[in-house]
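Only one structure is covered here, and it is reproduced in the block below.
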Amino acid sequence: TLMDHQPKKARRNDQWCNRACIRLPPHGVLKCNYGAAYNLNNQQIQCGWIGQDSSVLEAEAMSLLFTMQSTWSTSIPNVIFEGDSNVLISNIHHNRKDIALHNLLCDIWLWTTRYTSSFHRFTLRNGNLAVHLIISKTKST
């Protein structure tokens, strides 16, 4: 089991390690680290994840899926989703069966049906600048 790969000391203390450390997953296992931060001053939530063996395209798809799930919870039924991954947008619109993205695309298509009206469109990177500024600010802090 995956618990067998956890150090004995960590199993006793129910934590991986006492200080910052990186643990590689066992062969054939995808390890995803995730976290979130809440800024009391501006009441913004920032979250992030790192998935070893993930491609940039998979990361874009996961980001879109998370965005769709988050905005759906606001009960706003009409949403335009803009992203700067033309390959991802093309896969969404043309129902492409990219094997690496298949499960993510199925989830994106499912979440799309939950909105009264939603559209996925491509924008140049400078059209998505606000998002990239937030991401780069988060990376540098």
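The values are calculated or read from the model by the stated rules, or taken from the named source; none is laboratory data. The structure displayed is predicted, hence computed values, not measured ones. Methodologically, a virtual Cβ is constructed for each residue, glycine included, from the backbone with ideal geometry; neighbour enumeration extends over all protein chains shown.
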Condition check for N39: within 18 Å of I134 (Cα to Cα) and modelled with pLDDT under 85: yes
Mind counting the residues in region 69-95 that are of a type outside the set (G, A, S) and surrounded by 13 or more Cβ atoms within 10 Å (Cβ to Cβ)? 11
